[in-house]
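J.: After the structure tokens below, expect a handful of questions from me.
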Amino acid sequence: RSLSTSSSVATAAEVKRLGVVGAGQMGLGIALVAARNARVRVTLVDTSQASLDKGMKFADKLLEKDVSKKRISQIDADTTRSVLSPTTKMEDLSNADFVIEAVPEIPSLKTAIFSQLAKIAPPHAILATNTSSISITKIASATTPPDNPTDLAVASRVVSTHFMNPVPVQTGVEIISGLQTSPETLETAVEFCKRMGKIPSQSTDSPGFLANRILMPYINEAVICLETGVGRKEDIDSIMKNGTNVPMGPLQLADFIGIDTCLAIMKVLQEETGDGKYRPAVLLRKMVDAGWVGKKCGKGFYDY
Ligand code: CAA
């Protein structure tokens, strides 16, 4: 059977309305940067009104700081704020030209959202995920009819736009295509990220993609150096921070990302490649067992 793909997808220039699903740190950052830099209308969806309120408060704070640092005018800040529409209804994405999902890394949650988006979003819309470790091919397959996996009308429009945290600060974004992603979808994703002021890198769908395939083994090796007594935590962080000019050493970065997230990504690398070089450090597992998952809980390799 030949593959049937969507006939026409929105070009980056045609994107006027962006939908963002998930108003956590990543989703809020993506929504804010798109509204401010790409000047699109943004519908921000979350099931929790409290998360939406918290997110919008944070957006106000960041915009105020942009104005006080004279990076944007008060008018631009007001315009940005006015194009951000928080909502608890997924149906409000029925007029989106591009949707970015940024919910927690739970595979069943992501696939459920994509099968919903397949029904709600218009046939020209790009459907992007911000996943840091789940296969794009697997997420896209949630949009193909179970009895006809060659019907790629929706799946060909699924792609990953993996933003880096904090989104308003980091310019890098990786764009990952799954087996089903069409070249037109990939091009719109790349060009739309450029409209947002980001610098896209492209990769294929492989465990950890590029950023985490390289970053997580680096962090894991730092944890092994700590657990085997090669160096003290301060020395491990200091040599990498001051020796390679990164803003944070690897242990401090693990605390910032979340030690639970680092462990989860190492497990994906290990399980999906079967390669022992990705074995998570024993101390990484123990930190998660203790509940010391980093900055977000007040304790990780450092206290906060
Ligand atoms: N949202 C928005 N802005 C933020 C922010 C947030 N959550 N956290 C910090 N910032 C802003 C601050 O407001 C400040 O902005 P101004 O210049 O306008 O004042 C700026 O970042 C610098 O912040 P600070 O002065 O407080 O602190 P800092 O200089 O130490 O920078 C940092 C903090 C930006 C986090 C910096 O340490 C950094 O870049 N660290 C490395 C982060 C990194 O590697 N991120 C990638 C993680 S991997 C990933 O995301 C992929 C994955 O799948 C796990």
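J.: So what is the 222 nm mean residue ellipticity for the chain from helices alone, if each DSSP H run of at least 4 adds -39500 (n - 2.57) and you divide by all residues, rounding to the nearest 500 deg cm²/dmol?
T.: Working: 11 runs with 132 residues, N = 304.
That calculation yields -13500 deg cm²/dmol at 222 nm.
J.: Which of the residue pairs LYS65/LYS296; LYS61/LYS296; LYS241/LYS286; LYS138/LYS286; LYS119/LYS198; LYS65/LYS198 have a Cα-Cα distance greater than 27 Å in the structure shown? Display every interim value, and only then the final one.
T.: On the way: LYS65/LYS296 23 Å; LYS61/LYS296 19 Å; LYS241/LYS286 25 Å; LYS138/LYS286 30 Å; LYS119/LYS198 29 Å; LYS65/LYS198 20 Å.
Going by Cα-Cα distance, LYS138/LYS286; LYS119/LYS198 fall outside the 27 Å limit.
J.: Output wanted: per-residue J couplings in Hz (rounded whole) for region 144-153, from phi through Karplus 6.51 cos²θ - 1.76 cosθ + 1.60, θ = phi - 60°, x for Gly and Pro.
T.: Values, residue by residue: 8, x, x, 8, 8, x, 8, 7, 9, 3 Hz.
J.: Let me ask something additional. Along region 87-93, what does the Karplus equation 6.51 cos²θ - 1.76 cosθ + 1.60 (θ = phi - 60°) give for ³J(HN,Hα), rounded to whole Hz, x for Gly and Pro?
T.: Rounded to whole hertz, the list is 7, 9, 10, 4, 4, 5, 8.
J.: Taking only C-alpha pairs under 8 Å that are 6+ residues apart, what is the relative contact order of the chain in percent?
T.: Computed value for the chain: 16 percent relative contact order.
J.: Treating the angle as unsigned and between 0 and 90°, give the value, to the nearest 10°, between the Cα long axis of helix 107-120 and the longest Cα principal axis of the chain.
T.: So the inclination is approximately 20 degrees.
J.: Next up: Can you list the residues, at least 5 places off or on another chain, whose amide H is less than 5 Å from the amide H of PHE301, using H built in the peptide plane?
T.: Sorted by chain and number, the residues that satisfy this are ASP255.
J.: For a quick check of understanding: with a 1.4 angstrom probe and all protein chains in place, what accessible area in square angstrom does VAL154 have, to the nearest ten?
T.: Taking all protein chains as shown, VAL154 has close to 20 Å².
J.: If you don't mind, there's one more thing I want to ask. Once the Cα atoms of helix 211-227 and of the chain are each reduced to a long axis, what angle between those two axes, in degrees from 0 to 90 to the nearest 10, is obtained?
T.: Helix 211-227 sits at roughly 20 degrees to that axis.
J.: I would also like to ask the following. Please check the chain for the longest run free of trypsin sites (Lys or Arg not before Pro) that are loop-located per DSSP (anything but H, G, I, E, B) and have at most 10 other Cβ atoms within 10 Å.
T.: 71-304
J.: Report ³J(HN,Hα) in whole Hz for each residue of region 14-25, in order, from the Karplus equation J = 6.51 cos²θ - 1.76 cosθ + 1.60 where θ = phi - 60°; Gly and Pro get x.
T.: Going residue by residue, I get 7, 6, 10, 10, 9, x, 10, 9, x, 9, x, 4 Hz, with x marking Gly and Pro.
J.: Would you please state which residues of region 40-56 a label at ALA112 would reach in this model, taking the label point 7 Å out along Cα→Cβ and a backbone N cut-off of under 13 Å?
T.: Answer for region 40-56: 47-48.
J.: Hey, what's the per residue convex hull volume over the C-alpha atoms of region 1-92, in cubic angstrom?
T.: 121 Å³
J.: Name the residues whose placed amide hydrogens come within less than 5 Å of the amide hydrogen of GLU101, ignoring near sequence neighbours (fewer than 5 apart) on the same chain.
T.: VAL21, ALA128, THR129, ASN130
J.: So what's the gap between the Cα centers of region 256-290 and region 73-115, to the nearest angstrom?
T.: Spelled out, the Cα-based centre of one part sits 30 Å from the other.
J.: At a 1.4 Å probe radius, carbon and sulfur cover how many percent of the accessible area of region 55-124?
T.: Details: 2220 of 3800 Å².
With neighbouring chains kept in place, the figure for region 55-124 is 59 percent.
J.: With a 1.4 Å probe and all protein chains left in place, how much accessible area per residue does the chain have, in Å²? Mind dumping the intermediate values first?
T.: Working: 14440 Å² over 304 residues.
Solvent-accessible surface per residue comes out at 48 Å².
J.: Taking only Cα atoms, what is the 0 to 90° angle, nearest 10, from helix 233-244's long axis to the longest principal axis of the chain?
T.: Orientation of helix 233-244: about 60 degrees from the principal axis.
J.: Taking the Cα centre of region 121-196 as the origin, how large is its charge dipole in debye, to the nearest 20, when only Lys and Arg (+1) and Asp and Glu (-1) carry charge on their Cβ atoms?
T.: 200 debye
J.: Considering only protein heavy atoms and a 1.4 Å probe, what is the carbon-and-sulfur percentage of the accessible area of region 182-229?
T.: With neighbouring chains kept in place, the figure for region 182-229 is 58 percent.
J.: Would you give the gap between the C-alpha center of region 173-236 and the C-alpha center of region 10-25, rounded to a whole Å?
T.: 21 Å
J.: From Cα pairs below 8 angstrom and at least 6 apart in sequence, can you work out the relative contact order of region 104-143, rounded to a whole percent?
T.: 64 percent
J.: Evaluate the distance, in nm, between pseudo-label points positioned 7 Å from the Cα of ALA13 and of SER201 along their respective Cα→Cβ axes.
T.: 3.0 nm
J.: Enumerate the amide H contacts of LYS16 below 5 Å, restricted to partners 5 or more residues apart or on another chain; note that Pro and chain-start residues carry no placed amide H.
T.: For LYS16, the qualifying residues are ASP97.
The values are calculated or read from the model by the stated rules, or taken from the named source; none is laboratory data. Predicted model only: the values in this text are computed from it and were never measured. We place every Cβ from the backbone using ideal geometry, glycine too, and count neighbours over all the protein chains shown. Heads up: the accessible areas ignore ligands, DNA and RNA and are worked out on the full protein's heavy atoms, side chains in. Shrake-Rupley method; radii C 1.70, N 1.55, O 1.52, S 1.80 Å.
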